[in-house]
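Below is one structure, written out as structure tokens; the observations come after it.
The values are calculated or read from the model by the stated rules, or taken from the named source; none is laboratory data. Just so we're clear, the structure is a prediction, and the values are computed from it rather than from any experiment. Cβ coordinates were reconstructed from backbone atoms using ideal geometry, including for glycine residues, and neighbour counts include every protein chain displayed.
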Amino acid sequence: MTESSYTDWNSMTDKAILAQIGKFIKHQRVAQNSTQDVLSKAAGISRSTLSLLERGETVTLPTLIQVMRVLNQLQFMEHFVLQEQISPLWLAKQEKYKRKRASKRK
């Protein structure tokens, strides 16, 4: 992998992660040709709060979600979907109860 395509989030400080999120938000806003004023009003937050977010300062999670929703960037939420996994041991136990042959009709 190249440096630009891989970021080791675990080795980054919280402040560095916040700065990266801020850069992403600003990049998306500029790419969509939107001003801080327009985006903040659409997200229902103040312009100064959006400015804090873009600078990598601490904001609330609901604020981040509101901004990401307006920017149409909520696809990151896929990482929070829980997939139920069936244990191989459970499957083996269930196999014991599976019908092995047909019975006569009564």
Consider S48 against the criteria (1) closer than 18 Å to A19 by Cα; (2) surrounded by 14 or more Cβ atoms within 10 Å (Cβ to Cβ): it satisfies all of them except one. Which criterion is unmet? (2)
Based on this model, can you work out whether I21 counts as in contact with a Leu (Cβ under 8 Å, 6 or more places away or on another chain), hydrophobic (A, V, I, L, M, F, W, C) and at pLDDT below 95? yes
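Can you report the number of residues in the stretch 26-35 which are farther than 22 Å from K15 by Cα and in a helix (DSSP H, G or I)?
Number satisfying all stated conditions: 2.
Can you tell me how many residues in the stretch 51-60 are closer than 20 Å to N33 by Cβ, without any contact (Cβ under 8 Å) to a residue 24 or more places away in the chain and buried (at least 17 other Cβ atoms within 10 Å of the Cβ)?
The number of residues fulfilling the criteria is 0.
If you go through the stretch 61-71 one residue at a time, do you hit one that is farther than 30 Å from Q28 by Cα, of a type outside the set (A, V, I, L, M) and surrounded by fewer than 14 Cβ atoms within 10 Å (Cβ to Cβ)?
no
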